[in-house]
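Asks: I'd like to ask some things about the structure below.
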Amino acid sequence: MEPEIFINFKHYENAVGYSVEKLLNEFAGVDGQEKIYYCLAPLDLRLQEKFPGMKIFGQHVDSTGFGAYTGSISIESVKGIGIEGSLLNHSEKRLSKEIIEKTVKKAADLDFKIVLCVENLDEVKKYADLEPEYIAYEPPELIGGDISVSSSKPNIIEQASKICENKTKLLVGAGVKTRIDVETSLNLGATGVLIASGIIRNAKPINMLVSLLGNR
Ligand code: G3P
């Protein structure tokens with residue numbers, strides 16, 4: 001099975017604004033676009049129009065809808081510019097249970113895919129029944145580091161994949177840097193990985209993406 005690779009561009013300087021176009025231009029030439037998701041900052045989501053062959057996702061959405069909601073990123077507005085899904089509840093953008101439930105439900109009604117980020121097994125259990133499109137397990141202490149979730153938490157990944165079975169697809173993230181991390185995650189039952197610094201902070205981001213895909 002080919003892995004699904006979700007790249008979180010976060011708000012790194014080389015991955016927002018005009019700089020992100022340079023990165024997307026490079027990534028656009030990589031084979032296997034159907035399995036790659038580019039999670040961009042809100043102001044960059046309009047680039048979906050410029051890169052129609054790439055799957056651009058958001059990093060956060062609100063359940064507010066249209067109206068007097070200053071600062072909102074409504075699912076409706078994001079869908080309106082051709083975006084099909086978004087991360088939600090990332091460790092760097094945590095939400096209450098009430099808001100998560102409301103947003104996941106609204107997304108399902110609008111046929112919008114949610115990658116619901118969680119930090120531990122209890123949260124996998126708590127949220128799998130909401131049946132978001134994906135649950136992304138990311139232990140916060142490993143985010144941005146060099147120890148990967150697959151080498152550090154194999155048992156949790158395995159348990160999480162059992163909980164998610166027949167409900168939602170499991171992604172794992174934090175410290176992912178190598179093809180072996182990706183393969184180990186798949187062998188433990190994940191559908192793919194969520195990765196940021198391994199690609200975005202790499203001196204040659206495209207080479208890292210290609211090697212994670214196993215194309216080289
Ligand atoms: O959303 C992905 C992320 O939080 C993992 O970050 O830098 O460890 O790949 P990183």
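Asks: Tell me which of I81, V30, A108 sits at the most positive position along the dipole axis of the chain, charges placed on C-beta atoms (Lys, Arg +1; Asp, Glu -1).
Replies: Working it through, the farthest residue towards the positive pole turns out to be V30.
Asks: To the nearest 20 debye, what is the magnitude of the charge dipole of the chain about its Cα centre, counting +1 on the Cβ of each Lys and Arg and -1 on the Cβ of each Asp and Glu?
Replies: 200 debye
Asks: Beyond 18 Å between alpha-carbons counts as too far, so tell me which of K50/K177; K97/K126; K105/K126; K106/K162; K169/K204; K97/K125 fall in that bin. Show your work: numbers first, answer last.
Replies: Values: K50/K177 29 Å; K97/K126 9 Å; K105/K126 15 Å; K106/K162 26 Å; K169/K204 29 Å; K97/K125 13 Å.
Among K50/K177; K97/K126; K105/K126; K106/K162; K169/K204; K97/K125, the Cα-Cα distance tops 18 Å for K50/K177; K106/K162; K169/K204.
Asks: When the gyration tensor of the chain is built from Cα positions, what are the square roots of 5 times its three eigenvalues, in whole Å, from largest to smallest?
Replies: They are 24, 23, 14 Å, listed from largest to smallest.
Asks: Can you tell me the length gained on complete extension of the stretch R94 to N14, counting 0.36 nm per residue apart and subtracting the Cα distance?
Replies: Taking R94 through N14 to full extension adds about 26.4 nm, to one decimal.
Asks: Using mean Cβ contacts within 10 Å as the protection proxy, how do 204-214, 190-200 order, highest first?
Replies: Those peptides, ordered most packed to least, come out 190-200, 204-214.
Asks: Determine the gain in length on full extension of the stretch K125-D109; use 0.36 nm per residue of separation and subtract their C-alpha separation, reporting nm with one decimal.
Replies: 3.5 nm
Asks: Distance in nm between label sites at E133 and L47, each 7 Å beyond Cα in the beta-carbon direction?
Replies: 1.9 nm
Asks: From the backbone phi of region 203-208, what are the Karplus-calculated ³J(HN,Hα) couplings (6.51 cos²θ - 1.76 cosθ + 1.60, θ = phi - 60°) in whole Hz, Gly and Pro given as x?
Replies: 5, 10, x, 5, 4, 5
Values quoted throughout were computed directly from the atomic coordinates according to the rules given, and no laboratory measurement underlies them. Quantities reported herein were computed from a predicted structural model and do not represent experimental measurements. For neighbour counting, all protein chains shown are included, and Cβ atoms are generated from backbone atoms with ideal geometry for every residue, glycine included.
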